[in-house]
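**Q** Got a structure for you, questions after.
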């Protein structure tokens with residue numbers, strides 16, 4: 001009786017290799033014409049521009065080139081009474097490589113980046129330059145999408161021994177990427193003064209809901225807009241000229257993904273690629289943003305693969321292939337609210353009004369314990385505020401303070417263990433701040449931090465793809481009969497380190513059941529080095 005195989009076609013991202021690397025990027029941001037010289041730099045923000053990345057795979061190496069977008073707020077050297085705060089932006093180019101053994105030109109590569117630290121300075125003899133030094137961490141992963149027909153079951157002779165293994169993989173259905181333009185008029189809040197000039201506009205996309213339909217994903221979200229502007233106030237009044245406002249613009253966008261169904265899983269990420277605002281009238285801004293939307297649809301599948309098989313009564317030619325994939329243990333997300341009361345340093349004046357507090361999350365440590373992922377980090381808080389000073393006081397009314405606040409957030413993922421791989425994203429979802437009612441040198445900050453974590457285990461399996469029966473010749477049958485007749489009725493085997501019952505049974509060409517019965521084993525999976533096992537002689 002021959003061996004009958006049941007096969008299944010799967011499409012998976014087979015892992016070739018991955019690595020983390022840090023690089024230091026240095027550059028100079030020059031002030032454009034029309035901007036005043038720098039008296040003092042308030043803050044510098046940096047972010048890798050994902051659209052600028054150029055990734056080339058050479059044999060065993062991944063080259064990454066791109067640029068970092070840099071934005072700076074500074075106090076200008078201007079006459080008293082003029083607008084003191086200005087905004088400037090620029091780019092800094094970078095290039096580095098990571099060694100990934102086995103990487104080849106036509107494979108897929110994924111690059112994730114995170115700005116770890118930004119240093120900046122402005123020299124007195126160069127008042128139109130901001131020197132920046134940026135530490136960036138990159139995670140590079142090379143995969144090869146393979147479509148492979150693997151054996152999931154086998155039947156045949158009564159003594160057929162089959163070694164099975166359950167693995168959970170993401171069967172990739174499809175990926176898509178699109179761009180959407182969000183354009184809307186935004187009104188100045190009622191209590192805010194009219195607009196004279198826009199200093200800076202920022203945007204962040206927040207996903208409210210994603211729906212997976214047949215062949216498409218619908219994304220509903222909100223574009224959160226922050227605007228720093230110069231107010232149109234009379235020159236003879238002591239009113240603060242710089243103001244800050246926020247607004248939200250809803251958006252809906254769909255992405256076509258061939259083969260997608262409602263019962264599948266999805267991953268969607270929306271980033272603001274570009275945003276600008278122009279003054280429509282004294283009370284209205286026209287905001288236009290370009291959103292970059294990425295979507296991935298996959299079908300988590302639990303597959304029972306056949307790793308090996310043999311038959312004591314038949315000669316089988318077992319053909320295998322090596323499968324190296326990320327077995328998904330689990331994924332989930334969680335958020336935590338960080339509240340902290342902060343104090344303005346003594347060298348700074350007290351607060352009259354807070355414009356805005358920016359928060360960036362810097363991860364300092366990640367760890368997996370049993371069934372849980374824990375991420376520790378520091379929130380870097382940057383607060384821009386109007387100082388409480390007497391009218392017509394020569395002191396600069398706009399000030400900037402920095403604080404660092406530690407945070408810890410965790411996600412429960414059943415089955416997660418210390419030696420597994422962690423893929424995560426930490427994002428600041430929301431920031432708010434307010435001055436303490438009875439103390440103008442203290443203010444409270446509230447930050448919502450979200451953690452998405454995915455735990456995987458790199459599984460490297462030799463799986464069966466085909467089996468052929470080898471017909472024995474008369475000479476081979478005679479030699480095997482003579483060998484069987486002269487062999488002892490049983491053998492005593494001492495278990496070695498790394499042995500399994502399967503390996504021992506295959507080595508002696510006997511069934512697992514025969515060894516189990518001969519040794520009265522209650523738990524066949526529990527054998528230990530030094531244990532003596534009776535190996536019975538097969539009777540056919």
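**Q** Which of the residues spanning segment 33-66 are surrounded by 16 or more Cβ atoms within 10 Å (Cβ to Cβ) and either assigned by TED's automatic domain parsing to the domain that holds residue 356 or under 17 Å from residue 16 (Cα atoms) (or both)?
**A** Those that are surrounded by 16 or more Cβ atoms within 10 Å (Cβ to Cβ) and either assigned by TED's automatic domain parsing to the domain that holds residue 356 or under 17 Å from residue 16 (Cα atoms) (or both): 57, 62.
**Q** For segment 342-357, enumerate the residues that are farther than 17 Å from residue 449 by Cα and either without any contact (Cβ under 8 Å) to a residue 24 or more places away in the chain or in a strand (DSSP E or B) (or both).
**A** Within segment 342-357, 342, 343, 346, 347, 351, 352, 353, 354, 355, 356 meet the criteria.
**Q** Something else about it: Conditions: (1) exposed (fewer than 15 other Cβ atoms within 10 Å of the Cβ); (2) assigned by TED's automatic domain parsing to the domain that holds residue 68. Residue 153 meets all but one. Number of the miss?
**A** Of the numbered conditions (1) exposed (fewer than 15 other Cβ atoms within 10 Å of the Cβ); (2) assigned by TED's automatic domain parsing to the domain that holds residue 68, the odd one out for residue 153 is (2).
**Q** Can you tell me how many residues within segment 166-184 are farther than 19 Å from residue 219 by Cβ and surrounded by 13 or more Cβ atoms within 10 Å (Cβ to Cβ)?
**A** 6
**Q** Another one. Give segment 393-421 a look and list any residue that's modelled with pLDDT of 85 or more, surrounded by fewer than 18 Cβ atoms within 10 Å (Cβ to Cβ), within 25 Å of the chain's Cα centre (by Cα) and in a strand (DSSP E or B), or say none.
**A** Within segment 393-421, 404, 405, 406, 408, 410, 412 meet the criteria.
**Q** Then there is this: Quickly run through segment 117-140 and pick out the residues that are closer than 25 Å to residue 269 by Cα and exposed (fewer than 15 other Cβ atoms within 10 Å of the Cβ).
**A** The one that is closer than 25 Å to residue 269 by Cα and exposed (fewer than 15 other Cβ atoms within 10 Å of the Cβ): 117.
**Q** Residues to consider are 482, 522; find the one that is under 26 Å from residue 317 (Cβ atoms), modelled with pLDDT under 90 and surrounded by fewer than 12 Cβ atoms within 10 Å (Cβ to Cβ).
**A** Checking each option against the conditions leaves just 482.
**Q** Could you tell me whether any residue of segment 447-461 is in contact with a strand residue (DSSP E or B) (Cβ under 9 Å, 6 or more places away or on another chain), loosely packed, with under 12 Cβ neighbours inside 10 Å and at pLDDT 75 or above? Walk me through how you get there before you give the answer.
**A** So the first thing to find is which residues in segment 447-461 are in contact with a strand residue (DSSP E or B) (Cβ under 9 Å, 6 or more places away or on another chain), and the list is 447-461.
Now drop any that are not loosely packed, with under 12 Cβ neighbours inside 10 Å, which leaves 460.
This time we only want the ones that are at pLDDT 75 or above, so: 460.
Yes - at least one qualifying residue is present in segment 447-461.
**Q** List the strands (runs of 3 or more DSSP E) inside segment 187-286, counting only whole elements, that have at least 1 residues being within 36 Å of the chain's Cα centre (by Cα) and either exposed (fewer than 13 other Cβ atoms within 10 Å of the Cβ) or assigned by TED's automatic domain parsing to the domain that holds residue 384 (or both).
**A** 195-213, 242-256, 265-281
The values are calculated or read from the model by the stated rules, or taken from the named source; none is laboratory data. If you're wondering where the values come from, they're calculated on a predicted model, not measured in any experiment. Cβ sites come from the backbone with ideal geometry, for glycine too, and all protein chains shown count toward neighbours.
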